[in-house]
Amino acid sequence: MDMSFNMSPGVCPPAWYCDYINAVMSKFPNPDLPMSSVRSNYSLTPQDRSLIENQLSYEDAIDTLDEEVHALRIAISTLETRQSLYRKYKEYQFSFLSPIRKMPNELLVHIFTYVCADSIDLVGTVPGDFWDIQRVCVHWRNIIHSTPSLWRSFEIKEISSADPNTPPPAMIAYRIQLCLQYSGNSPLAISLRPVDVTAFPIFIMEDIANQCHRWERFAVDVDILVGAREETDIRVIIKNKGLPNLRELTIDGQEPFGSLSGRTPCPFRLFKGASAVEEIYLFSTTLPGVKDFPWSSTRKLVLEQCDILSDNELGSVLRVMPSLEELVWYSNNIRIDSEESPAINIPSLRTLTVESPDLLDDIYSDDDPPIFPKLFIPHLTNLKIVEDIREIHSSYLVFIAQEVI
């Protein structure tokens, strides 16, 4: 028996179902024997018994019903699939009327610039970041790929080989290559200061070094520089291409405050040709020598937890910085050669920031030399003490008054 039906949306399911049940019931061997007789005390006649035993095939009837149930389930599943497709199609059609599709590309670029962070997170483990925006649609991705200003700044901070959410080094290297490619000829702002240096793909440093002529702001960990120098001769690359656009340089040793012996020597001479650098930030490293570093154009110098061999060494460096206008001093380890040493003269300095009041109790003590060098700043206009003034020892204020100004 062919029990197939056209399951078009125009057929009413209840009427169709009733017709189908009547068709099945009409094929039973003994339709005249009512089903209610099973519940009664009805006694079968010899004719009924013979008809049931000889003509009724229960297995065939059950198999037929199973086939029909299976056909119905397929038909229902097909209808549900079609219904879901129609709903999605409706949503897609209405999306064409969305106002955002009429928004100019220039305005979208401003929105992307506002929504995204100032610097691209190359690790990208936070949902909704720069990388997720590109997955919204092809149009948005094309706009982002064609806007160099969105790719010019990238950084690595929260990275650890022990973190399962950290992308593999190959993925990080691929993202760096994308930034270098899509940024075009724009000046680059790069920060490579990962928490775990072992998770950083050192092999990608050659590609970064090849773009050194575009560096505008560059921050790097000492161990990355050392590892890159061992993997490839980035010194030759930087020397050949130069650092004409570098304006801000940050070098981070990431070592605890302590002696010189526990720190990785930094290859400062890599940046010797950066004659236009204006801001220098040194964290947890040694102080470069006069001939090893570009000091002449520096306007701002930040020294935080650095090891300085002597106040004479610091004086030699400060004397070759005629344009220095701001100095930030935070918990540095300096050896004072002699309390009778003359003060270091910095005539161009306008702003001095000191952030180490917890170490200032030794100033002018009888046993220990001061931990801050003597400075003569004739044109100082702004003195910043970054702590609660009530927690600073009074002798520090006397020291500032007598030795700084």
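The values are calculated or read from the model by the stated rules, or taken from the named source; none is laboratory data. What you see is a predicted model; the values in this text were computed from it and never measured. When we count neighbours, we look across all protein chains shown, and the Cβ atoms used for this are built from the backbone with ideal geometry, even at glycine. The accessibility values were calculated without ligands, DNA or RNA, using every heavy atom of the protein model including side chains. Shrake-Rupley method; radii C 1.70, N 1.55, O 1.52, S 1.80 Å.
Summary table below
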{"read-out": "Search result, residues across the stretch 345-362 that are over 16 Å from GLY315 (Cα atoms) and either at pLDDT 85 or above or not small (Gly, Ala, Ser) (or both)", "value": "ARG350, THR351, THR353, VAL354, GLU355, PRO357, ASP358, LEU359, LEU360, ASP361, ASP362"}
{"read-out": "Residue within the stretch 288-297 that is of a type in the set (Gly, Ala, Ser), open to solvent by less than 10 Å² (accessible area, probe 1.4 Å) and at pLDDT below 80 present", "value": "no"}
{"read-out": "Close pairs (6 angstrom Cβ cut-off, 6 or more residues apart or separate chains): more than 22 Å from CYS137 (Cβ to Cβ) in the stretch 65-92, not in a helix (DSSP H, G or I) anywhere", "value": "GLU68/MET3; ALA75/MET7"}
{"read-out": "Residue list for the stretch 129-147, filter: among the aromatic types (Phe, Trp, Tyr) and at pLDDT 85 or above", "value": "TRP140"}
{"read-out": "Of the criteria (1) open to solvent by 60 Å² or more (accessible area, probe 1.4 Å); (2) under 24 Å from LYS239 (Cβ atoms), which one MET171 fails", "value": "(2)"}
{"read-out": "Qualifying residue in the stretch 179-187 (condition: among the polar types (S, T, N, Q), open to solvent by less than 20 Å² (accessible area, probe 1.4 Å) and not in a strand (DSSP E or B))", "value": "yes"}
{"read-out": "Count - residues of the stretch 203-215 that are touching a Ser or Thr at 6+ places or on another chain (Cβ under 9 Å) and within 16 Å of ILE238 (Cβ to Cβ)", "value": "5"}
{"read-out": "Criterion (within 14 Å of the chain's Cα centre (by Cα) and at pLDDT below 90) met by exactly one of VAL126, VAL220", "value": "VAL126"}
{"read-out": "Residue match in the stretch 241-253 (condition: in a helix (DSSP H, G or I), crowded, with 16+ Cβ neighbours inside 10 Å and in contact (Cβ under 8 Å) with a residue 24 or more places away in the chain)", "value": "yes"}
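Residues checked against (1) at pLDDT 85 or above; (2) of a type outside the set (Ser, Thr, Tyr); (3) over 25 Å from LEU303 (Cα atoms):
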site: PHE203; (1), (2), (3): no, yes, yes
site: HIS213; (1), (2), (3): yes, yes, yes
site: LEU225; (1), (2), (3): no, yes, no
site: GLU230; (1), (2), (3): no, yes, yes
site: ILE234; (1), (2), (3): no, yes, yes
site: PRO256; (1), (2), (3): no, yes, no
site: ARG263; (1), (2), (3): no, yes, no
site: ALA276; (1), (2), (3): yes, yes, no
site: ILE280; (1), (2), (3): yes, yes, no
